[in-house]
Amino acid sequence: MVLVAVFGVALLIAVLLSGLAARTVLSTSLLFLVGGALVSDGFLGLIHITPDSELVSVTADLALFAVLFTDGQHVSFAKLRSSWRNPARALGLGMPLAFVFMALLTHYLVGLDWTTSFLVGAVLAPTDPVFASAIVGRKEVPAKLRELLNVESGINDGLALPVVLLLIVAAGPTAAGHADEASIGKIALELALGLAFGILLPLAVNGLVRFRLLGAEPKLQPLLLLATGILLYGLCHLTHANPYLAAFSAGAVLAAVSPEAKAAFEPLGEALAELAKFAALLVFGALLTPQLFADLPWQGYVAVVLAIVLIRPASLLISLAGTRFERREKLTAAWFGPKGFASVVYGLLVLQSGIPQAEQAYTLIAVCIAFSIVAHSSTDVPIARMFDVEDLVGIPDDEDDHDNRTIGQERKTAV
């Protein structure tokens with residue numbers, strides 16, 4: 001109950017400061033991360049959580065599922081059909097480049113063996129728009145940029161998972177027990193099942209709603225998609241289907257086949273996703289003890305900084321070369337590659353795998369995630385507001401310019 005009370009206090013403070021956070025570099029995400037660290041064993045000792053605790057893995061798993069389910073609902077298939085090339089570049093070239101560059105950095109700078117280094121690269125390759133919500137959610141940011149970041153982050157979690165599982169198997173004999181779980185055929189089946197459930201279940205629910213005798217009354221309509229998400233989550237875990245690919249695809253399908261249900265669910269869905277995110281951040285923050293940071297050598301801190309300020313930006317800039325993005329749009333997309341809940345979940349898989357260098361790899365991963373949350377969640381608002389600079393300096397938009405020309409013509413006529 002101490003954890004519940006701490007969460008309640010942190011949530012109250014976050015809500016009271018949310019208005020200020022929306023206008024400044026103050027971040028509610030960072031507030032929960034720091035709050036979790038303060039009440040952990042490393043400081044006040046109010047809650048006792050270890051990385052192998054079931055609470056950690058379940059909370060991160062639920063948060064990632066909820067966030068991807070709501071993110072998928074922002075995807076427009078019509079827009080995606082006309083602008084699929086940019087997300088494809090980011091996923092097909094930018095993500096592999098970040099994966100390889102991070103592995104090289106980990107091996108030569110931190111000294112982990114090659115397999116574990118590539119494992120770290122795979123864990124840190126996925127991106128998460130949760131910690132850059134002002135970029136993805138603000139209308140002044142160009143739609144194609146928001147679409148790129150949203151689609152990239154929604155799909156790359158599922159793409160990284162099979163690579164992570166296979167590398168865990170390859171990392172050492174102590175992980176041999178995972179060999180059956182991580183066989184290529186089984187991983188492919190899990191991904192296929194996740195995609196199938198994510199497409200078929202929303203279609204089935206939408207079909208049921210159209211029966212004459214069935215249908216939700218207005219006040220219960222938001223619960224229709226919530227029930228679909230809960231059923232999908234349980235179904236994926238019962239069948240070992242990939243829940244993250246299922247969540248994102250289900251959200252996208254629901255938004256396409258039932259826009260009215262999506263509109264009814266949106267306020268509730270966004271609120272639930274925020275709650276799940278805050279809970280996961282609080283729990284993850286409790287793992288960030290002084291001992292964890294002390295265990296990472298200085299070479300590891302150099303690797304973490306380079307991963308955030310060099311590897312992700314360079315990888316995405318290479319993948320977007322020759323596209324029609326403006327220079328500042330490319331730089332924004334390159335910067336916002338935050339490490340989020342997917343990396344937390346996969347990092348915990350590494351720690352619990354029993355491979356020889358599991359603890360060293362997890363320490364590097366955890367510190368990188370923490371630094372990324374601080375860096376990206378505190379810079380999203382200022383950078384998003386840069387796209388609204390024309391309004392800020394008084395340059396009229398097209399509609400204002402048209403109105404000014406009309407007024408000018410009327411004055412000339414009057415003269």
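The values are calculated or read from the model by the stated rules, or taken from the named source; none is laboratory data. Remember, it's a predicted structure, so these values are computed and weren't measured experimentally. Virtual Cβ from ideal backbone geometry, glycine too; neighbours counted across all protein chains shown. Remember, those area values only see protein heavy atoms, side chains included, never the ligands or the DNA or RNA. Shrake-Rupley method; radii C 1.70, N 1.55, O 1.52, S 1.80 Å.
Overall, the accessible surface of the range 285-364 at a probe of 1.4 angstrom is composed of carbon and sulfur to the extent of 61 percent. Total lysine pairs in the chain at Cα distances under 28 Å, for residues eight or more apart or on different chains: 22.
Peptides 346-353, 90-97, 242-249 ranked from most to least packed give 242-249, 346-353, 90-97, packing being the mean of other C-beta atoms within 10 angstrom over each peptide's residues. Listed peptides 107-113, 62-68, 205-211, 285-291 appear in the order 62-68, 285-291, 107-113, 205-211 once ranked by packing, highest mean of other Cβ atoms within 10 Å at the front.
Using the membrane-span-like helix rule (whole DSSP H runs, Cα extent along the own axis of at least 18 Å, mean Kyte-Doolittle hydropathy at least 0.0), which helices of the chain qualify? Result, helices passing both filters: 2-21, 54-72, 143-170, 184-209, 222-239, 243-257, 259-286, 358-377.
Using a 10 angstrom Cβ neighbour count of at most 14 plus a DSSP loop assignment to flag exposed GluC sites (Glu not before Pro), which longest range of the chain is free of such sites? Please report the intermediate quantities before stating the final value.
On the way: sites that count: Glu140, Glu181, Glu326.
No qualifying site falls inside 182-325, the longest such stretch.
Of the labelled options [x] 25.7, 88; [y] 25.4, 79; [z] 22.6, 90, which one gives Rg and Dmax of the Cα atoms in Å as computed for this structure? Here the calculated entry is [z]. Relative contact order for the chain: what percent, with Cα pairs under 8 Å and sequence separation of 6 or more? With pairs under 8 Å counted, the relative contact order is 31 percent.
Computed over Cα pairs, the Kirkwood radius of the range 1-106 leads via Stokes-Einstein (1.002 mPa s, 20 °C) to a diffusion coefficient of 122 µm² per second. Using a probe radius of 1.4 angstrom, the carbon and sulfur fraction of the accessible surface of the range 1-110 is 73%. What the chain shows is 47 Å² of accessible area per residue, with the surface traced by a 1.4 Å probe over protein heavy atoms.
Quick one: which residues, 5+ away or cross-chain, put their amide H under 5 Å from the amide H of His74? H built at 1.01 Å from N. The list, which skips near neighbours in sequence, is empty: none.
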